[in-house]
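The values are calculated or read from the model by the stated rules, or taken from the named source; none is laboratory data. All values reported here derive from a predicted model rather than from experimental measurement. Because the Cβ atoms are built from the backbone with ideal geometry, glycine has one as well, and the counts that use them run over all protein chains shown.
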Amino acid sequence: MAASTSRVRPLVAGNWKMNGLSAALAEGRQVRDRLQEAGFAAGVDVMICPPATLVAALAREVAGSRLRVGAQDCHPAPSGAHTGDIAAEMHKDAGATAVIVGHSERRAEHGERDRDVKAKALAAHRARLTAIVCIGETAGERRAGLTLQVVARQLAASLPEGADAENTIVAYEPIWAIGTGLTPSLQDVADVHGFLRGTLVEQVGSAGDRIRLLYGGSVKPDNARSLMGVSDVNGALVGGASLKATDFIAIIAACGA
């Protein structure tokens, strides 16, 4: 496989999902400290997206370091009578620099549609946060040979106007690979990411050639290097393996190798 496009700086982002009490901040501090070591993964950007209860605390812990903090979801509106929801501006105020939108778990468990994802991505841009837009097919869609059609539809309908390399990241996460230990073949990943790259260029113009494309779905220390070596894979969105600092650091090292 060809190496990832050198002009696109890779990102390794950890999604802690609904995990972590205040004691979990120690894991974030370990990642922060390793990133401060001279020369370690110098060409890689790193982010952790903790639950909303820890965004502000983690942002304080890592202030001034290479480690960035993201959020896991946002409401489309900047404020209002939306009990339990959090606006993108609130995440920004808490210290986040990005927010995940359209994760398959949100789409499946909360019925979010592509247009809802687009509205949230626009909210992220409004708040000057980077939108990490997630797309991916189910096992049934893959078996039916619909993977490219599904991700093309999701990308077209979820990506907001004005998306560029500064305000938007796309994460391809085959739903059947999330938390299962299963991963597509390297050729499958290359096929989808290459297709997405071409689709991005068609959709947003030349900026599409520089938007980071992350792979997510059972990324672990033992498969990260091979996945990160696939053309047009510009980093990883890591779930369970990001909860343990040693595993997450190993993935970062693999991405920077």
*asked:* Considering only residues that are under 27 Å from Pro174 (Cα atoms) and not in a loop (DSSP other than H, G, I, E, B), which ones fall in the stretch 92-113?
replied: Ala98, Val99, Ile100, Val101, Ser104, Glu105, Arg106, Arg107, Ala108, Glu109, His110
*Looking at (1) within 19 Å of Thr97 (Cβ to Cβ); (2) assigned to a loop (DSSP other than H, G, I, E, B), can you tell me which one Gly181 breaks?*
(1)
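For (1) farther than 30 Å from Val151 by Cα; (2) outside any helix (DSSP H, G or I); (3) at pLDDT 95 or above; (4) over 19 Å from the mean Cα position of the chain (by Cα), each residue gets a yes or a no:
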residue: Val12; (1), (2), (3), (4): no, yes, yes, no
residue: Asn19; (1), (2), (3), (4): no, yes, yes, no
residue: Ala59; (1), (2), (3), (4): yes, no, yes, no
residue: Gly64; (1), (2), (3), (4): yes, yes, yes, yes
residue: Val69; (1), (2), (3), (4): no, yes, yes, no
*asked:* Taking the criterion of being hydrophobic (A, V, I, L, M, F, W, C) and free of Cβ contacts under 8 Å to residues at least 40 places away in the same chain, would at least one residue in the stretch 178-195 satisfy it?
replied: yes
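A quick yes/no check of all residues on (1) outside any strand (DSSP E or B); (2) under 15 Å from the mean Cα position of the chain (by Cα); (3) closer than 24 Å to Met18 by Cβ:
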{"position": "Val192", "(1), (2), (3)": "yes, no, no"}
{"position": "Tyr215", "(1), (2), (3)": "no, yes, yes"}
{"position": "Pro221", "(1), (2), (3)": "yes, no, yes"}
{"position": "Ser226", "(1), (2), (3)": "yes, no, no"}
{"position": "Val233", "(1), (2), (3)": "yes, yes, no"}
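Residues checked against (1) surrounded by 19 or more Cβ atoms within 10 Å (Cβ to Cβ); (2) free of Cβ contacts under 8 Å to residues at least 24 places away in the same chain; (3) in contact with a His (Cβ under 6 Å, 6 or more places away or on another chain):
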site	(1), (2), (3)
Val31	yes, no, no
Ala38	no, yes, no
Pro51	no, no, no
Gly80	no, yes, no
Ala87	yes, no, yes
Thr97	no, no, no
Val101	yes, no, no
Glu109	no, yes, no
